[in-house]
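Here the structure is laid out as structure tokens; the discussion comes afterwards.
Computed from the coordinates by the stated procedures, all read-outs in this text should not be read as laboratory data. Everything numeric in this text was worked out from a predicted model, so none of it was measured. Here the Cβ is made from the backbone with ideal geometry for all residues, glycine too, and neighbour counts use every protein chain on show.
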Amino acid sequence: MLPLPRPVSLLLASALLFGSAALAADRAPIETGVVQYKVLLDTVTRGYDGNYCWVHPRAGIVPRGDNRSPAFVLTMQKLWLKGSDVFFALTEMRSNDLGRAWMGPYEHTDTLGRRNEPNGVVVAASDFWPKWHAKSGKLLGIGHTVRYTKNRVDGTLSRQTVYSVYDPIQRTWTPWRTLDLPADDPASFNSGAGSVQRVDLPNGEILLPVYGKRKGEADNRSRVLRCGFDGTTLTVLERGAEIAVKGGRGLVEPSLARFGGKFYLTLRNDTAGYVATSSDGLNFDAPRLWRWDDGTDLGNYNTQQHWVTHRDGLFLVYTRRGASNDHVIRHRAPLFMGQIDPEKLVVRRSTERILVPDRGARLGNFGVTEVSADETWVTVAEWMQTFSPQLIIPVDNPRGADNSVFAARIQWQQPNDFDFR
């Protein structure tokens with residue numbers, strides 16, 4: 001397929017598309033200790049037929065040597081709009097020129113598609129996140145399974161972590177495999193790494209957040225697994241302590257970051273976002289609510305949050321209430337980023353900026369990609385479902401959402417710590 005054209009001027013295109021909000025988002029706050037950056041917004045692809053939409057866009061990079069820019073492999077999948085979390089085969093977009101042109105979409109039905117199981121059950125790999133694993137020199141994608149009975153998520157069936165490895169020569173993925181947990185693990189029946197942000201250690205070991213629950217329990221518990229990866233197989237080496245709260249389905253979709261010698265875990269709950277810290281990445285302190293630096297509630301709830309790290313600052317990417325966004329399901333737009341105080345574990349309100357504006361569709365499922373010392377990306381798609389009974393956003397949505405897949409390019413004023421090796 002032919003590459004998709006890129007806007008002639010990213011900043012101009014953003015301003016034309018989103019008005020003054022795009023330009024306002026590009027003004028970096030001037031404040032002591034605040035890391036300076038600008039944001040340019042690209043559209044990777046767009047298009048909406050009223051029946052399906054792209055979701056879960058997350059990008060990985062593949063270094064190419066000879067001072068060439070890395071190749072981008074962005075995975076996403078189709079969602080059936082008349083169901084609830086009904087996903088299909090993982091699909092990818094590719095770019096060899098830092099997103100100036102994109103090739104695709106290419107659907108990987110044979111290796112990353114749905115599989116049939118006994119009794120009419122269908123299983124899919126979903127909530128996938130590709131990330132370069134430097135020690136093995138492989139692009140490793142990790143997600144989890146979702147099982148359907150008659151195209152409805154069947155919560156009585158098991159859930160596992162899945163993973164796949166990319167072949168940049170053949171431009172394909174290995175058939176997805178499941179991560180084995182010890183048989184005596186209390187969450188072995190229901191445990192997955194869907195939409196989680198992992199940390200790769202210098203020795204090649206992976207700190208992989210997961211969440212799950214025991215049979216008969218309503219609430220999920222989160223933890224971090226220390227894993228080994230030899231370029232082919234992912235294995236569990238050690239299991240971290242569980243983190244739990246009562247109610248609101250517990251703690252799910254944990255994401256991990258390392259900053260200043262400490263590990264930070266952000267977690268989703270139905271009523272609020274939570275954060276916890278650790279010195280070893282496996283054993284965390286008691287989770288606390290995400291708040292502004294004035295002590296008030298951040299307003300994030302029932303939606304994932306992820307991290308953006310810079311050598312001089314740690315950032316949270318999130319959605320929240322209170323942004324004239326009551327029309328968006330779970331207030332999942334705009335997509336914000338704010339710098340946190342890593343000691344007080346609060347978001348500095350003055351640093352909040354919009355990465356992707358509200359165009360009438362939710363933006364809650366997204367990814368973060370470290371591209372270079374100068375740039376980090378946040379990728380997200382407009383999820384074209386809204387409140388019942390009007391489940392599907394109309395094709396002629398007056399607010400402008402059209403299932404665009406966005407790349408918000410965070411361009412650092414000062415270089416970040418970054419190394420492909």
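Using C-alpha pairs under 8 Å with a sequence gap of at least 6, the mean separation divided by the residue count of the chain gives a relative contact order of 15 percent.
At full extension, residue 280 and residue 189 could sit 30.1 nm farther apart than now, given 0.36 nm per residue minus the alpha carbon distance. Dipole size of the chain about its Cα centre, with +1 on Lys/Arg Cβ and -1 on Asp/Glu Cβ: approximately 520 debye, rounded to the nearest 20.
Rounded if a/c is under 1.5, else prolate if a/b is larger than b/c, else oblate: which is the stretch 58-213, with a ≥ b ≥ c the root eigenvalues of its Cα gyration tensor?
Working: a/c = 2.39, a/b = 1.39, b/c = 1.72.
In terms of gyration-tensor shape, oblate.
Among the GluC sites (Glu not before Pro) in the stretch 268-373, those located in a DSSP loop and surrounded by at most 16 other Cβ atoms within 10 Å of their own Cβ are 343.
Of all the options 116, 151, 302, the one that moves most in a Gaussian network model of the chain with Cα springs shorter than 10 angstrom is 116.
Would you please put 399-406, 376-383, 243-250 in order of how densely packed they are, using the mean number of other Cβ atoms within 10 angstrom per residue and starting with the highest?
Values: 399-406: 20.8, 376-383: 25.1, 243-250: 16.9.
Packing proxy ranking, top to bottom: 376-383, 399-406, 243-250.
Summary of the geometry: the stretch 65-113 and the stretch 177-196, compared by the centres of their Cα atoms, lie 25 Å apart. Its DSSP H runs of at least 4 residues, each contributing -39,500 (n - 2.57), put the calculated 222 nm mean residue ellipticity of the chain at -1000 deg cm²/dmol, to the nearest 500.
Panel order for 136, 195, by other beta carbons found within 10 Å of each beta carbon, from fewest to most: 136, 195. Within a straight-line Cα-Cα reach of under 18 Å, residue 78 can be paired with the following aspartates and glutamates, leaving aside sequence neighbours fewer than 8 residues apart in one chain: 49, 92, 107, 110, 127, 382, 402. Looking at the chain, the pairs of alpha carbons with a distance over 29 Å make up 41% of the total.
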